[in-house]
Structure formats: C-alpha cells, structure tokens
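The values are calculated or read from the model by the stated rules, or taken from the named source; none is laboratory data. None of these values were measured; they are calculated from a predicted model. Using ideal geometry, Cβ is built from the backbone for each residue, glycine included, and neighbour counts are taken over all protein chains shown. These area figures cover heavy atoms from the full protein model, side chains too; ligands, DNA and RNA do not enter into them. Shrake-Rupley method; radii C 1.70, N 1.55, O 1.52, S 1.80 Å.
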Amino acid sequence: MPLTAGSHSAGETDKDAYHILVEGNGGLVRGRPSIALNSGRVKSGYAAHTLNCNSGSIGVSLCCMAGAEERPFDAGRYPMTRTQWDALVVVVAELCKYYRIKVTPRTVLSHAEVESTLGIKQRGKWDFTRLPFDPSIVGSGACGNRLRKDVMAAMGAMPNLPVRPGRDTALETAVRRLLDELWPILARGLAAGFNTLVREILKRMR
C-alpha cells in the first residue's frame, strides 16, 4: 500500500500505477490496469506500483501526502485522512477475503515495509511511517501492524465469499474479471454504508 505523494484526488499517472486509489473523501477510483495483469508474471500494461514487487501483487494507494517529509515529520498540504484509512481497510479486507489472502506482514504491507520485510530494495520509499490522524503510531512496522489489525477486524465482520483458492484456471480468471466489475459497486457501497456494500456484492455473486 503506497501513497501517491500527490493531492487528495487521483491523477492520470496514478491511475496507470495502481489498481485501486482511495481519495481524500474516501471515494474509490479504479486504476486502468486490471488485477489480472499483475497475477503471476506481469503482462504489458500492468500496475507498476512497487519496484521489483509487482508480480502477484495488488496495488492499493491513498491519494495524499504531497510535499510530506518523514523527519521531522510533516504531513504536507494533503495529509492522509481518517476517512481514507477507513475506506482502505474495507478495500483491503474485501481483497483478502475474495482472494483468500492470509493477513501477514509479508502479504499485507505498506511500501515502507517492503525492503525490511521482503528484502526487496526500494528507492528511499518511506510511505508510510506515520499516521497523521493518530500521532501515537510511529514507524513502518507500527503503521503496518495497525493496518493489518484493522483489516482482520473488518474481515471478521464480512460473510465468506464463495471463492476457492487454486491455480490460474479459467474459473479463477473469471473470478478476477468479476472482481474488476465489482469495484464500481464497492465505491457506491462505501458511500451508502457497509451493510449495503455487502448486500450488493452478494447479489452480484449469485
């Protein structure tokens, strides 16, 4: 989960780099690449969101933190908002539930955790090591732990979705396409409320 290092709105370049973007008001914007392009070996047009860590990865980004500085910490003109965070948690929880991704530091992590956790060298990426809406949380690990804790709590409140793990079969490809179609519904559901979101997704899954 990187940050765009831009404003609270998704820019055109951002839409090419990520699968899902969360704007400052919690609204969701669908990136141009499909999730399927990053599954397995990346294909032309994939979402290049994290250096040498794009294969088999889903890029979710928060639109914020233009001009931010890590030390001394300055959140810039467009700080990460609590509304964004809450929307991010729901999005990641849905993805983990749908794709049967176990929530661990190696599977759900911010850009700031990639180098230390996965051993994949990055180019000075510190996003994110602080949560502007909660100054008590400091450091990439602490921020990542908070994210994973919130995601697991959200997953516990969601029904089990009828998707089984497996290899990249025709069924799984169809599921990925269906998930791509669900994002507009997800965006509307976040605006209308969590219960509406779950009902609409399950209705489409029948």
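The 1.4 Å probe gives accessible areas that order Phe128, Phe133, largest first, as Phe133, Phe128. Per-atom-type breakdown for region 82-162 gives carbon and sulfur 53% of the accessible area (1.4 Å probe, protein chains only).
Once all protein chains are placed together, Asp134 keeps about 40 Å² accessible to a 1.4 angstrom probe. Summing Lys and Arg as +1 and Asp and Glu as -1 over all other residues whose Cβ lies under 14 Å from the Cβ of Thr4 gives a net charge of -2. Applied to region 52-63, the Karplus parametrisation 6.51 cos²θ - 1.76 cosθ + 1.60 on θ = phi - 60° returns per-residue 3J(HN,Hα) values of 6, 9, 9, 5, x, 10, 10, x, 10, 10, 9, 7 Hz, with x for Gly and Pro. If you take all other residues with their beta carbon under 11 Å from the beta carbon of Trp126, and give Lys and Arg +1 and Asp and Glu -1, the sum is -1.
Taking other residues whose beta carbon is less than 11 angstrom from the beta carbon of Lys15, and scoring Lys, Arg as +1 and Asp, Glu as -1, yields -1. Amide H to amide H distances under 5 Å link Leu131 with Ile137, where only residues 5 or more positions off or on other chains count and H is placed in the peptide plane.
Is region 73-148 best put as rounded, prolate or oblate by its Cα gyration tensor, with a ≥ b ≥ c the root eigenvalues, rounded for a/c under 1.5, and otherwise prolate when a/b is larger than b/c, oblate when not? It comes out oblate by the Cα gyration axes. Distances between placed amide hydrogens fall under 5 Å for Asp74 paired with Glu69, all partners being 5 or more residues away or on another chain.
For a straight C-alpha distance cut-off of 29 angstrom, the lysines reachable from Lys125 (same-chain residues fewer than eight places away being disregarded) are Lys15, Lys43, Lys97, Lys102, Lys149.
As a rough guide to protection, the peptides 55-61, 68-74, 87-93 ranked by mean Cβ packing within 10 Å, highest first, stand as 87-93, 55-61, 68-74.
Once the 1.4 Å probe is applied to the protein heavy atoms, region 89-156 comes out at 46 Å² accessible per residue.
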